[in-house]
Amino acid sequence: MKTAVCPGSFDPITLGHLNIIKRTARIFDKVYVCVMKNSEKKSLFTEEERVELIRRTVKHLDNVEVETADGLLVEYAKEKGAAVIIRGLRAVSDFDWEFQMALANRKIEPAIDTLFLASSEKYTYLSSTVVKEMAKYGADLREFVPREIIEDIVNKMNNKG
Ligand code: PNS
């Protein structure tokens, strides 16, 4: 069975993330979406909340499971029997960091490779940061995130004050 991991901070999941997850689920038998800590980022949603939001948006994808994990991504992938980590690439500006992470991960665990999927041209501008910025100013989020989670984002922003 071919298994892949789609890792990310998903704070929150966007239509761009969802597009990558769906395409990965078409290529692999089993996909683990893993919500992880990015030490460079401060998050809006807790890890448990992010898992719940993603689960709601992928519930129609039978071969996709959503989890959270602490620690190293390659350790998680190994635990799941996944030989492949999938990352979406939106633009050349993503490349340096992604390439560095892929090489670092392969150095730690040579049996696990990173594959990059070119993001859909519809979503090259999109990121969780853009979503949060739009939400802050009350923009219509339907072009950015799955409809099922819009209310959660609006509520979170309102409660944040
Ligand atoms: O969605 P993001 O924020 O770009 O995802 C980055 C993420 C969470 C995949 C990355 O920070 C990560 O792999 N974190 C887990 C810890 C780890 O393995 N770090 C090594 C990468 S060099």
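The values are calculated or read from the model by the stated rules, or taken from the named source; none is laboratory data. On a predicted model such as this, the values are computed, not experimentally measured, just so you know. Cβ coordinates were reconstructed from backbone atoms using ideal geometry, including for glycine residues, and neighbour counts include every protein chain displayed. Heavy atoms of the whole protein, side chains included, go into the accessibility calculation; ligands, DNA and RNA do not. Shrake-Rupley method; radii C 1.70, N 1.55, O 1.52, S 1.80 Å.
So the values come out like this:
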item	result
Residue list for the stretch 10-30, restricted to those being in contact with a helix residue (DSSP H, G or I) (Cβ under 7 Å, 6 or more places away or on another chain), among the hydrophobic types (A, V, I, L, M, F, W, C) and not in a helix (DSSP H, G or I)	10, 13
Matching residues in the stretch 34-47 - criterion: being away from the ligand (no atom under 11 Å from the Cβ) and open to solvent by less than 100 Å² (accessible area, probe 1.4 Å)	44, 45, 46
Criterion violated by residue 50 - all others in (1) part of a helix (DSSP H, G or I); (2) near the ligand (Cβ under 10 Å from one of its atoms) satisfied	(2)
